[in-house]
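To keep things clear, I will list the structure first and then write my remarks on it.
The values are calculated or read from the model by the stated rules, or taken from the named source; none is laboratory data. Since we're looking at a predicted model, the values are computed, not measured. Neighbour counts run over all protein chains shown; Cβ positions are idealised from the backbone, glycine included.
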Amino acid sequence: MAGIYIHIPFCKQACYYCDFHFSTSIKKKDDMIISLEKEMMLRKDELGTESIKTIYFGGGTPSLLSSEEINRLIETAKKHFQIDENPEITLEANPDDLSKGRIEELAKSAVNRLSIGVQSFFDSDLKLMNRAHDSIEASSCLKNAQRYFENISIDLIYGIPNGSDEQWRANIEKALAFKVPHISAYALTVEPKTALESFISKGLIPEIDEEKAASQFFTLIDLLEQNEFLHYEISNFGKEGFFSKNNTAYWLGKSYLGIGPSAHSYNGISRKWNVKNNTKYINSLLEDKLPYEEEKLSKIDRYNEYIMTSLRTMWGVSLNTIENRFGESFLSFMLDQASEHIKLGLLELDGKTLSVSRKGKFLSDGIASDLFMIKLR
Ligand code: SF4
């Protein structure tokens, strides 16, 4: 079982907080599509005979591609890989690209899941983050999308400076009123070299209040759990039957092939990452050269990777998996490292599973890194 991720590196405008790879010029869009197809062709044997259960268009803004271009890429994937009979095909889309006509067109394509970058239903939040849509588009695209798609996820962002707790609660209530079956919610973070970092350092935007962000995170958990959402990964909540198959496979350590500039691939043995530059990516493929670097993963890397991803999920870290995959010494190391966190109530040991407690959820990445083994090269 494996998945294909296709990175579409174009956006209409740069959101102030974003450090993903994208260009705001779409001049190279046609060359990019040809290069994405070429990369799939050149890497067609990398997943062997594994059946591909999911295709995920991420970005950037994949909804900037026309439906024909998206269909073309899906057909190319089908030509070169063993795609499951009924794959989950997700398209990340921004509200300003989802007119009624566009949604109708997408409904006729093989895309069967939309992940919509709503982020907030309030114009003040959207302006502060420099999103390209407004609150009216956020609501209207959802109304229209729900007429054609059952499997819809929306992204929301909390911890926004100037955004009140009441506003955040109203955001969640609005999402609940739409009855979307999946919500991904992320704390606004200040990444280096972003406009947000610069505005905060100049005092133009207030600093992020971590305590407020943590309390908004717990409001989110409470409201969504009261409404039958399962908190299956730190940033992801889904109704039964609507978890993202693509992301779940990734968190459970399945193989995936990342196509496109900056995309990462993983096959349990090595990790590859494509060049983070559109021109270099296109030129490399023009010369039939694959644009990635590769790192073979050591046992310690694989152990750290397993801890990092599993601890973020509701399934937690399986003690049996640690012992069978990495050996008894890794298991006792991990339990030793975990003991202080268990005492503090941040981790819970339930039979053969270690997971983060409710109290530890907002700190899960830090807790995971405390269980990492350090490589001495
Ligand atoms: S639309 Fe998405 S990828 Fe593009 S700049 Fe905004 S957050 Fe980043």
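The residues listed here are ILE26, ILE34; of these, the one that is more than 8 Å from the ligand (Cβ to nearest atom) and in a loop (DSSP other than H, G, I, E, B) is ILE26.
Quick test for you: out of SER63, SER99, pick the one residue that is within 23 Å of HIS182 (Cβ to Cβ), among the hydroxyl-bearing types (Ser, Thr, Tyr) and buried (at least 19 other Cβ atoms within 10 Å of the Cβ). The conditions single out SER63. The residues in the stretch 101-131 that are within 16 Å of the ligand (Cβ to nearest atom), over 30 Å from GLU75 (Cβ atoms) and hydroxyl-bearing (Ser, Thr, Tyr) can be counted, and the count is 1.
There is no residue in the stretch 7-26 that is exposed (fewer than 15 other Cβ atoms within 10 Å of the Cβ), at pLDDT below 95 and under 22 Å from the mean Cα position of the chain (by Cα). Among the residues making up the stretch 37-75, a single one is under 23 Å from TYR250 (Cα atoms), of a type in the set (S, T, N, Q) and assigned to a helix (DSSP H, G or I): SER63. Give me the pairs, please: first residue somewhere in the stretch 330-353 and over 18 Å from SER369 (Cβ atoms), second residue anywhere and of a type in the set (Lys, Arg), beta-carbon distance under 8 Å, and either six or more positions apart or on two chains. Short answer, once both residue conditions are applied: GLY345/LYS359. Please verify whether the stretch 168-188 includes one or more residues that are under 24 Å from LYS12 (Cβ atoms) and exposed (fewer than 15 other Cβ atoms within 10 Å of the Cβ). For the stretch 168-188, residues under 24 Å from LYS12 (Cβ atoms) and exposed (fewer than 15 other Cβ atoms within 10 Å of the Cβ): absent. Name every residue in the stretch 47-60 that is surrounded by 17 or more Cβ atoms within 10 Å (Cβ to Cβ), of a type in the set (Ser, Thr, Tyr) and more than 16 Å from the ligand (Cβ to nearest atom), in order of residue number. The one that is surrounded by 17 or more Cβ atoms within 10 Å (Cβ to Cβ), of a type in the set (Ser, Thr, Tyr) and more than 16 Å from the ligand (Cβ to nearest atom): THR54.
The residues of the stretch 320-377 that are β-branched (Val, Ile, Thr) and in a loop (DSSP other than H, G, I, E, B) amount to a single one, ILE374.
How many of the residues making up the stretch 61-78 are within 14 Å of the ligand (Cβ to nearest atom) and polar (S, T, N, Q)? Working first, answer last.
At the first step, the residues of the stretch 61-78 found to be within 14 Å of the ligand (Cβ to nearest atom) are 61-65.
Among the residues that remain, those that are also polar (S, T, N, Q) are: 61, 63.
Total satisfying the criteria: 2.
Does any residue of the stretch 10-21 turn out to be within 15 Å of the ligand (Cβ to nearest atom), of a type in the set (A, V, I, L, M) and touching a residue at least 24 places away in the same chain (Cβ under 8 Å)? So far as the stretch 10-21 goes, yes, one or more of its residues are within 15 Å of the ligand (Cβ to nearest atom), of a type in the set (A, V, I, L, M) and touching a residue at least 24 places away in the same chain (Cβ under 8 Å). Within the stretch 79-100, the set of residues being within 16 Å of the ligand (Cβ to nearest atom) and part of a helix (DSSP H, G or I) comprises PRO95, ASP96, ASP97. Of ASP134, ASP165, all but one fail to be of a type in the set (Asp, Glu), out of contact with any strand residue (DSSP E or B) (no Cβ under 7 Å at 6 or more places or on another chain) and either modelled with pLDDT under 95 or within 16 Å of the ligand (Cβ to nearest atom) (or both); the exception is ASP134.
Sub-8 Å Cβ pairs linking a first residue in the stretch 31-59 that is farther than 22 Å from ILE282 by Cβ and at pLDDT 95 or above to a second residue that is of a type outside the set (Val, Ile, Thr) and part of a helix (DSSP H, G or I), at least 6 apart or interchain, are ILE52/ALA77; LYS53/LYS245; LYS53/ALA249; THR54/LYS245; THR54/ASN246; THR54/ALA249, ordered by first then second residue. Of the residues screened, GLU105 is one that is farther than 27 Å from TYR16 by Cβ and among the acidic types (Asp, Glu).
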